[in-house]
Amino acid sequence: MPDMTLKPKTPLNGYSETFGATVLEEIAGMGLVSIATPRGGVDALQGAVQSAYGCALPPTGSSTIGNDGAIRLMGLQPGQVFALFAYDGDTAVTEIEKALGDNGYYTDQSDSWAMLHLSGSAAIDALARICPLDLDASVFPDGTVARTVMEHMGVIVLREGTDGFLLMAARSSAANFLHAVEQSVRNVT
Amino acid sequence: MSQRMRINGGIVDRSKPLSFEFDGKQLQGFAGDTLASALLANDIRFVGRSFKYHRPRGIFTAGPEEPNALVQLRRGPYQEPNTRATVAELYDGLHAASQNYRGSLNFDLMAVNDLFAPFLSAGFYYKTFMWPQAFWEKVYEPAIRASAGLGRLSGKDDPDIYDKGFLHCDILVIGAGPAGLMAALTAGRSGARVILADEDFAPGGRLNAETHEINGGDAQGWTASVLSELKSLPNVRLMKRTTVYGAYDHGVYGALEKSTDHLPMSGGKPRQILWRIYSKRAVLCAGATERSIAFGNNDRPGVMLAGAVRAYANRWGVAPGRNVAIFTNNDDGWRTATDLAAKGVSIAAVIDTRSGAAPADVAGATIAMGASIVDTKGRKGISAVTLSNGTTVPVDCLAVSGGWSPNVHLTCHQRGRPDWADEIAAFVPGKDLPVGMSVAGAAKGALTLAACLQEGAKAGAQAAQDLGLTASMAEIPEASDEASAITPFWHVTESKGRAWIDLQNDVTAKDVQLAKREGYRSVELLKRYTTLGMATDQGKTANVLGLAVLAEASGKSIPETGTTIFRPPYTPVPIAAFAGRSRGKDFRPTRLTPGHEWAAEQGAVFVEAGMWLRGQWFPKPGETHWRESVDREVLATRKSVGICDVTTLGKIDVQGRDAAEFLNKVYANGFAKLPVGKVRYGLMLREDGMVMDDGTTARLSENHFVMTTTTANAVGVFRHMEFCRQCLWPDLDVHLISATEQFAQYAVAGPNARKLLQKIVDPEFDISNDAFPFMGCGEITVCGGTPARLFRISFSGELAYEIAVPSRYGDGLIRALMAAGEEFDAVPYGTEALSVMRIEKGHPAGNELNGQTTARDMGMGRMVSKKKDSIGSILSERPELNREDGLALVGFRPVDRARQLKSGAHFIPKGKTPSLENDEGWMTSVAYSPTLGHSIGLGFIKRGSDRLGETIVAADPIRGESIEVEIVSPHFFDPEGERVRA
């Protein structure tokens, strides 16, 4: 019997590429858990989040950072936030459960999304080729999060800093999504 | 060849000569030239043949409105027909060719059409190609197609790439002429996010083409200083070579940026970008277009619009003629005379239809007030004009001005109608503008420079103020209001020669009059009947003139006659730009399962299922037909064990205190009492009682379920459930999230499925039949601690499981399963084998769940629980859906077992003709069953369950086959279900 230990694979095999002053790379090693607010339980969840992470539950479209930067909560829809944190294990939900107890409904999304980080001077111009959202800092400042569609693929966009964006797209079409973003960067650099 | 018509001045860069080729001749121009200005500089005026009569035609305008000078640019696969020479920016090595002739441009065999002109009048298609009817397809249409069209496509794939994009701004300023520059400057200084888009490569609009003064200096200097300020403002984006072609809902505008059309090669970058611009306000400063006057033979090369003639002289330093006459009904036409005279070009005559004193002195020119031109001479270029007073004046260029029409197009893109303004004899924007749009400058009918500057500044400030910004009116630059008086004059009725209105479509004043006589009084009908205003220029120089002639013929005013509707695009947009990157495999995304790479390594043949690629079968060396592979996969699975990637099934995570109640409402059968650790088959109905989808749902804990849906309906079911949750029962505590992407899932089926799994499931989990019975489920670990979910469910009819691991382990798991299965001769099986096995078991799938069938039709009527309410339950009780002779899903096998069944065949009683009234149902799914050794089918037939054993005909008239089939139970294989519980 061969060694049966299962080896994990990331959606984009660790892709990383530099285009002048613009960098596009896969982000791996993150836990991503959706937290749904039980009906009537928003205060309890809020309290649990505050005491566990020291930050507030973000309203839809924005994010908050807890535990001195160790976790980011992203408000994705009424009653649903995604928790994003550095985590290499297989049971991300357990990590959240440990912190928040039974104050939310948790679903592991760590393997559902391919994550790309795009940063640098051409980031906004590149995204303008596929992203219908207005990413100008005046309307999409640091920490803003949104769901949108790029090239027919559902995408979650998070702005990190002045010219950095975390892009999350379905794992199954990760290769197509990478192609779409990469082509956009090539078209403007 | 020297540029012998080049004169002093202009904004071309004489230090940068460019070589180009036209119809095989090597020529030179300068940076800043258009192809048209460079051709004129080289004294080439005859550049194409007209559409219908193949008459020689020259360059008529200096802008996007050009009807005549259409050329083919570039070569090989890059070839692009019907390009306007007047907007094609010259680059070194440009290759251009004239088009629309047989033979050569000079000796066009098709010019014979011109002799038949009396037979080719308006509507000649409809009158001529009537008889005999059979000739239409065989003779007329091919002949028309062969002679129609202008240029030719290369017939090869376009090697260039195209892109799209999205831009956002507070204020979009359309057009960078004097009004647009002032609007952008005022809005930009207020801090608003401004986009200034201009179709030209040199912003400035008419300022580039006139000899105006602003603030006491030349207008070009002022333009340069404004542009430099705009470029310094970080909130202003200046987009050259960008045509805003359409105004859409909610302040959205379409724009085409020609990024590399001015370069010899695009260098791997997109050639053109189709922008969608989201604006809060838009200021339309699109300027105005000059129009002609209808008189005899007014189409010869050398006959040009007066504004264009002086644009060539002023902007490009090119004299369109050596001896120029001007024919005008307004003061602006006189500017051409004075500007050209000032540059030393000889003016032969100025003919003004208005009587009274001449508005200006033009040295050496014959001045004819209250006169007109009745005819011209010169076949391949104008050589003389004949005046209404009988005199003939030799000329080589005739500049015509019938007045200026504001470019109201974008104001009408949402069905707005323009108003007629008598004082400029033209249509101006009406009151119903697209939301957020204002209009300034010549586009609004303000045809003088001072008015344009003033209006632009005002509109820019107003737009900024509307958005809550503080806008100070920029200091309005000083300029004068030049003379622009006009007395409408459209048509020299005493002309005997053909008086052309629409040069692109060869429509004459006579055609318009004829159409009117034949009853085409509506301007929309006139357009379709005569083709006036169609094709690439959309009648920019012709429409108002055509209307005027129609009005004249009907004895009505122009506003009473009305205009045709303006629709996007304003100027032609290549289909390639609309397609953008959506070419070939980039047309839509492809979804791959985590096991895809492994399947590809096995040589799997993939099939598209929705956007997924699924392994259809896994051919082994030596297998030459797909059936060999599929039969082998089925037999091996039934004999020992097979593994199938079922990741693509939709997975929905359902949590909440009311999750069970929620599922009880969306599923027709009961779910409230499903124990933890159990899976149940669920049937989902639409509100109308028809089956929507089916699948299994597992209860992982008291408040946590995971549902599977069919691959095809995954998105639709999720959407339906979100609707139910948010809109129907908002009081329930239930939350949904898709988990389709989270897990890789494999079916492991066959008598040895458990033995195989026991090798990889960690030993602390007991999956024996007692501990983990049929329809059990649980969270386990595999391969030394990897978390997994195990479901004991079966689609194949075998002892079977589905095992799910986080997607990152999907590749590892399939490899581990296959390795563990080696001792059992485990096979991977694809969707074909899956389908064969489910048909053998009589399980319905997509073919049966086609939206027209009910649970009762499927033989699952009793699953629709009446102990509770669920979606579709009530309407499934409709009498029509419960007829005694209703459809039932049953199995079919050929009476002659050697024959193949066909899905889609209809069931007809023996001895009856295949017709609608004898139709009793249809075959939904068929397969060759390697287990049974013959073809089997599933299908719906009236009263099916009462007719087991009956023989009937499966008629397939389309494929010309009818075979006798026997009605049998749909459960061909293991009808008692002993194997799944083994």
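The values are calculated or read from the model by the stated rules, or taken from the named source; none is laboratory data. Since the structure is predicted, the reported quantities are computational estimates derived from the model, not experimental observations. Quick reminder, even Gly has a Cβ in these numbers, built from the backbone with ideal geometry, and neighbours come from all protein chains shown. Side chains are part of the model used for accessible areas, which takes the heavy atoms of the whole protein and leaves out ligands, DNA and RNA. Shrake-Rupley method; radii C 1.70, N 1.55, O 1.52, S 1.80 Å.
Got a sec? Which of B:Leu40, B:Leu27, B:Leu18 is modelled with pLDDT of 95 or more, buried (at least 17 other Cβ atoms within 10 Å of the Cβ) and not in a strand (DSSP E or B)? Can you show your working first?
Numbers: B:Leu27 fails: not in a strand (DSSP E or B); B:Leu18 fails: not in a strand (DSSP E or B).
Step by step, each of B:Leu40, B:Leu27, B:Leu18 is checked, and only B:Leu40 is modelled with pLDDT of 95 or more, buried (at least 17 other Cβ atoms within 10 Å of the Cβ) and not in a strand (DSSP E or B).
Report yes if some residue within segment B:683-705 is free of Cβ contacts under 8 Å to residues at least 24 places away in the same chain and either touching an Asp or Glu at 6+ places or on another chain (Cβ under 8 Å) or open to solvent by 10 Å² or more (accessible area, probe 1.4 Å) (or both); otherwise report no. Give the derivation first.
At the first step, the residues of segment B:683-705 found to be free of Cβ contacts under 8 Å to residues at least 24 places away in the same chain are none.
So far as segment B:683-705 goes, no, none of its residues is free of Cβ contacts under 8 Å to residues at least 24 places away in the same chain and either touching an Asp or Glu at 6+ places or on another chain (Cβ under 8 Å) or open to solvent by 10 Å² or more (accessible area, probe 1.4 Å) (or both).
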>> Let me spell it out: the conditions are (1) surrounded by 23 or more Cβ atoms within 10 Å (Cβ to Cβ); (2) farther than 25 Å from B:Ala176 by Cβ, and B:Asp331 meets all of them except one. Which number is the exception?
In response: (1)
> Considering segment A:144-156 alone, what residues qualify as being surrounded by 16 or more Cβ atoms within 10 Å (Cβ to Cβ), within 8 Å of chain B (Cβ to nearest Cβ) and not in a strand (DSSP E or B)?
Replying inline: A:Glu151
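Scan segment B:746-760 for residues that are within 14 Å of chain A (Cβ to nearest Cβ) and open to solvent by less than 10 Å² (accessible area, probe 1.4 Å) and jot them down.
Residues of segment B:746-760 that are within 14 Å of chain A (Cβ to nearest Cβ), as a first pass: B:746, B:755-760.
B:Tyr746, B:Leu756, B:Leu757, B:Ile760, listed by residue number.
I want to confirm something. Restricting to segment B:348-364 and keeping residues that are open to solvent by less than 20 Å² (accessible area, probe 1.4 Å) and of a type in the set (Gly, Ala, Ser), which single residue is nearest to B:Ala499 (Cα to Cα)? First the steps, then the outcome.
Here is the first cut: in segment B:348-364, the ones open to solvent by less than 20 Å² (accessible area, probe 1.4 Å) are B:348-352, B:362.
Checking the rest, the ones that are also of a type in the set (Gly, Ala, Ser) come to B:348-349.
On the way: B:Ala348: 22, B:Ala349: 21 Å.
Residue satisfying both the conditions and the ranking: B:Ala349.
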> Of the residues in segment A:1-28, how many are within 14 Å of chain B (Cβ to nearest Cβ) and not in a loop (DSSP other than H, G, I, E, B)?
Replying inline: 2
> B:Leu73 passes all but one of (1) without any contact (Cβ under 8 Å) to a residue 40 or more places away in the chain; (2) surrounded by 13 or more Cβ atoms within 10 Å (Cβ to Cβ); (3) farther than 22 Å from B:Ala576 by Cα; which number fails?
Replying inline: (3)
>> The conditions are (1) farther than 27 Å from A:Val181 by Cβ; (2) away from chain B (no Cβ under 12 Å), and A:Tyr106 fails exactly one of them. Which is it?
In response: (2)
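Here's the yes/no breakdown for (1) free of Cβ contacts under 8 Å to residues at least 60 places away in the same chain; (2) crowded, with 17+ Cβ neighbours inside 10 Å; (3) part of a helix (DSSP H, G or I):
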residue	(1), (2), (3)
A:Ser138	yes, no, no
A:Asp142	yes, no, no
A:Leu158	no, yes, no
A:Leu166	no, yes, no
A:Ser172	yes, yes, yes
A:Ser184	yes, yes, yes
A:Asn187	no, yes, yes
>> Can you find, within segment A:4-28, the residue that is surrounded by the fewest Cβ atoms within 10 Å (Cβ to Cβ) among those that are under 15 Å from A:Trp113 (Cα atoms) and among the polar types (S, T, N, Q)?
In response: A:Asn13
>> Within segment B:580-618, take every residue that is open to solvent by less than 30 Å² (accessible area, probe 1.4 Å) and either in a helix (DSSP H, G or I) or more than 13 Å from every other protein chain (Cβ to nearest Cβ) (or both) and give me the one that is nearest to B:Asp631 (Cα to Cα).
In response: B:Phe618
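Within segment B:122-212, which helices (runs of 4 or more DSSP H) (wholly inside it) include 2 or more residues that are assigned by TED's automatic domain parsing to the domain that holds B:Gly456? Don't jump to the end; show me each part of the working.
Details: elements: B:124-128, B:141-147, B:178-189.
It comes to B:178-189.
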>> Can you say whether A:Leu57 is crowded, with 17+ Cβ neighbours inside 10 Å, assigned to a loop (DSSP other than H, G, I, E, B) and more than 14 Å from chain B (Cβ to nearest Cβ), as far as the supplied structure shows?
In response: yes
> Given the structure, is B:Arg6 touching a Gly at 6+ places or on another chain (Cβ under 7 Å), among the basic types (Lys, Arg), modelled with pLDDT of 95 or more and closer than 19 Å to B:Pro320 by Cα?
Replying inline: yes
>> Just to be sure I understand, how many residues within segment A:68-95 are in a loop (DSSP other than H, G, I, E, B) and of a type outside the set (Asp, Glu)?
In response: 6
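Quick grid of which residues meet (1) at pLDDT below 90; (2) in a loop (DSSP other than H, G, I, E, B); (3) not assigned by TED's automatic domain parsing to the domain that holds B:Ser50:
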{"position": "B:Ala483", "(1), (2), (3)": "yes, yes, yes"}
{"position": "B:Thr493", "(1), (2), (3)": "no, yes, yes"}
{"position": "B:Asp511", "(1), (2), (3)": "no, no, yes"}
{"position": "B:Arg521", "(1), (2), (3)": "yes, yes, yes"}
{"position": "B:Leu550", "(1), (2), (3)": "no, no, yes"}
> Which of the following residues is within 11 Å of another protein chain (Cβ to nearest Cβ), open to solvent by less than 30 Å² (accessible area, probe 1.4 Å) and in a strand (DSSP E or B): B:Ala820, B:Ala788?
Replying inline: B:Ala788
> Which numbered condition trips up B:Thr913, out of (1) among the β-branched types (Val, Ile, Thr); (2) more than 25 Å from B:Thr853 (Cα to Cα); (3) open to solvent by less than 50 Å² (accessible area, probe 1.4 Å)?
Replying inline: (3)
> Does segment B:814-825 contain any residue that is under 45 Å from the mean Cα position of the chain (by Cα) and in the same structural domain as B:Leu635 (by TED's automatic domain parsing)?
Replying inline: yes
>> I'd like to verify a number: residues in segment B:143-167 that are more than 14 Å from every other protein chain (Cβ to nearest Cβ), out of contact with any helix residue (DSSP H, G or I) (no Cβ under 6 Å at 6 or more places or on another chain) and surrounded by 16 or more Cβ atoms within 10 Å (Cβ to Cβ), how many?
In response: 2
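Starting from residues that are over 18 Å from B:Asp946 (Cβ atoms) and touching a residue at least 60 places away in the same chain (Cβ under 8 Å), keep the ones in segment B:873-892 and report whichever is least open to solvent (accessible area, probe 1.4 Å).
Let us first name the residues in segment B:873-892 that are over 18 Å from B:Asp946 (Cβ atoms), namely B:873-880.
Restricting the remaining residues to those that are touching a residue at least 60 places away in the same chain (Cβ under 8 Å) gives B:873-878.
On the way: B:Ser873: 5, B:Ile874: 112, B:Leu875: 70, B:Ser876: 22, B:Glu877: 100, B:Arg878: 91 Å².
Step by step, filter segment B:873-892, then rank; the result is B:Ser873.
Name the one entry in A:Gly40, A:Gly31 that is small (Gly, Ala, Ser), open to solvent by 50 Å² or more (accessible area, probe 1.4 Å) and within 13 Å of another protein chain (Cβ to nearest Cβ).
Details: A:Gly31 fails: open to solvent by 50 Å² or more (accessible area, probe 1.4 Å).
Within the list A:Gly40, A:Gly31, the selection yields A:Gly40.
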>> If I ask for residues that are aromatic (Phe, Trp, Tyr) and either in a loop (DSSP other than H, G, I, E, B) or in contact with a Gly (Cβ under 8 Å, 6 or more places away or on another chain) (or both), which ones from segment B:566-579 would you list?
In response: B:Phe566, B:Tyr570
> Here is a list of conditions, (1) closer than 20 Å to B:Ala542 by Cβ; (2) not in a loop (DSSP other than H, G, I, E, B), and B:Ile382 meets all of them except one; can you say which number that is?
Replying inline: (2)
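Would it be correct to say that B:Gly468 is without any contact (Cβ under 8 Å) to a residue 24 or more places away in the chain, open to solvent by less than 70 Å² (accessible area, probe 1.4 Å) and not in a helix (DSSP H, G or I)? Lay out the reasoning, then the answer.
Working: without any contact (Cβ under 8 Å) to a residue 24 or more places away in the chain: yes; open to solvent by less than 70 Å² (accessible area, probe 1.4 Å): yes; not in a helix (DSSP H, G or I): yes.
Yes, satisfied.
Return the residues of segment A:109-122 that are outside any strand (DSSP E or B), over 23 Å from B:Thr647 (Cα atoms) and either open to solvent by less than 30 Å² (accessible area, probe 1.4 Å) or within 13 Å of another protein chain (Cβ to nearest Cβ) (or both); say none if nothing qualifies.
So the first thing to find is which residues in segment A:109-122 are outside any strand (DSSP E or B), and the list is A:109-112, A:121-122.
If we keep only those that are over 23 Å from B:Thr647 (Cα atoms) as well, we get A:121-122.
Listed by number, the list holds a single entry, A:Ala122.
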